[in-house]
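Asks: Quick one: the structure is below, and I'll ask about it shortly.
The values are calculated or read from the model by the stated rules, or taken from the named source; none is laboratory data. Just so it is clear, the model here is predicted, and its values are computed rather than measured. Counting neighbours? That spans all protein chains shown, and the Cβs are built from the backbone with ideal geometry, glycine included.
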Amino acid sequence: MENIVSTIKDVVVTIASAGGIFVAITGLSAWRKQLTGKNEYEVGIRVLRSTYKIRDAIAALRNPLITAGEQAAAIEWHSKNASHPAASSDEQRKDEFIIYSYRWNGISAALQDFDLLRIEAEVLWGAFITERMMELRKSIITLRLSLENHLYDRYESMPGRYKEIQDTIFSIGSMEDNNYSQELQKIVDSIENFIRRKLK
């Protein structure tokens, strides 16, 4: 009788131990899923926020209106931060160079966080999102090249590209009339749609 009680006791202890291990493994698995979901959510929100900051910085750069206040702020910023003088002897061109350097600073600041997030996004979601993010980066390079062509007055060496360069630099009129605006919005929408699907 004592043997039976001892055997039953050993079986009960073994079953309880196995049950405890099962509960621990299940709990750990649920915790890991919750942690991964939380991490994906946080990175997704940061990618969206960074994308919107870049979009807004590009919009600020492309705004054709230059106010006196912005011009004063740009000149002050340039005097404190520029490593070289504005690149033109023509005063109007010099002021324009300073304004666009000041505006470009907003894009550069937004890009720093964006580039770090691109790596995190690739770790979580693979190549698709990073390809979309690289499209935004390429769009910024196009804007930069067009801006340099404008500021250094390279139109003569690029016959037929005047309107394309102007449309890239300046956001005038409706989006339907501006190829750069349309392409930029498609890229932002693509990133936004991907991330929102991941956040559901």
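Asks: Which condition does residue 4 not pass, out of (1) modelled with pLDDT of 65 or more; (2) surrounded by 10 or more Cβ atoms within 10 Å (Cβ to Cβ); (3) of a type in the set (Val, Ile, Thr), if it passes all the others?
Replies: (2) is the only condition that residue 4 fails.
Asks: If you go through region 127-143 one residue at a time, how many are surrounded by 14 or more Cβ atoms within 10 Å (Cβ to Cβ) and within 16 Å of residue 183 (Cα to Cα)?
Replies: The initial filter retains those residues of region 127-143 that are surrounded by 14 or more Cβ atoms within 10 Å (Cβ to Cβ), namely 129-130, 132-133, 135-137, 139-140, 142-143.
Okay, now just the ones that are also within 16 Å of residue 183 (Cα to Cα), so 132-133, 135-137, 139-140, 142-143.
Number of matching residues: 9.
Asks: Something else about it: Based on what the data block shows, is residue 124 over 15 Å from the mean Cα position of the chain (by Cα), at pLDDT 90 or above, surrounded by 14 or more Cβ atoms within 10 Å (Cβ to Cβ) and on the phi < 0 side of the Ramachandran plot?
Replies: Values: over 15 Å from the mean Cα position of the chain (by Cα): yes; at pLDDT 90 or above: yes; surrounded by 14 or more Cβ atoms within 10 Å (Cβ to Cβ): yes; on the phi < 0 side of the Ramachandran plot: yes.
The answer is yes for residue 124.
Asks: With 116, 184 as the choices, which residue is within 17 Å of the chain's Cα centre (by Cα), part of a helix (DSSP H, G or I) and surrounded by 15 or more Cβ atoms within 10 Å (Cβ to Cβ)?
Replies: Of 116, 184, the one residue that is within 17 Å of the chain's Cα centre (by Cα), part of a helix (DSSP H, G or I) and surrounded by 15 or more Cβ atoms within 10 Å (Cβ to Cβ) is 184.
One line per residue, one yes/no per condition, for (1) closer than 24 Å to residue 73 by Cα; (2) without any contact (Cβ under 8 Å) to a residue 12 or more places away in the chain; (3) not hydrophobic (A, V, I, L, M, F, W, C):
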site: 100; (1), (2), (3): yes, no, yes
site: 118; (1), (2), (3): no, no, yes
site: 134; (1), (2), (3): no, no, no
site: 148; (1), (2), (3): yes, yes, yes
site: 159; (1), (2), (3): no, yes, yes
site: 177; (1), (2), (3): no, yes, yes
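Asks: A further question on this structure: On the given criteria, is residue 191 of a type outside the set (Asp, Glu) and in contact (Cβ under 8 Å) with a residue 24 or more places away in the chain?
Replies: On the way: of a type outside the set (Asp, Glu): yes; in contact (Cβ under 8 Å) with a residue 24 or more places away in the chain: yes.
The answer is yes for residue 191.
Asks: Considering 129, 140, which residue is closer than 14 Å to residue 55 by Cα and either in a helix (DSSP H, G or I) or out of contact with any Cys (no Cβ under 6 Å at 6 or more places or on another chain) (or both)? Before you say what the answer is, go through the steps one by one.
Replies: Numbers: 129 fails: closer than 14 Å to residue 55 by Cα.
Checking each option against the conditions leaves just 140.
Asks: Are any of the residues in region 104-121 touching a Phe, Trp or Tyr at 6+ places or on another chain (Cβ under 8 Å) and at pLDDT 90 or above? Outline the logic, then answer.
Replies: Taking region 104-121 and keeping what is touching a Phe, Trp or Tyr at 6+ places or on another chain (Cβ under 8 Å), we get 105.
Narrowing further to those that are at pLDDT 90 or above: 105.
Checked region 104-121: at least one residue is touching a Phe, Trp or Tyr at 6+ places or on another chain (Cβ under 8 Å) and at pLDDT 90 or above.
Asks: Another question about this same structure. When the residues of region 160-181 are filtered to those that are surrounded by fewer than 12 Cβ atoms within 10 Å (Cβ to Cβ) and in a helix (DSSP H, G or I), which remaining residue is modelled with the highest pLDDT? Spell out how you get there, then give the answer.
Replies: We begin by selecting, within region 160-181, every residue surrounded by fewer than 12 Cβ atoms within 10 Å (Cβ to Cβ); these are 160, 163, 173-174, 176-177.
From the residues that got through so far, the ones that are in a helix (DSSP H, G or I) too are 163, 176-177.
Details: 163: 82, 176: 72, 177: 76.
Among those that are surrounded by fewer than 12 Cβ atoms within 10 Å (Cβ to Cβ) and in a helix (DSSP H, G or I), it is 163.
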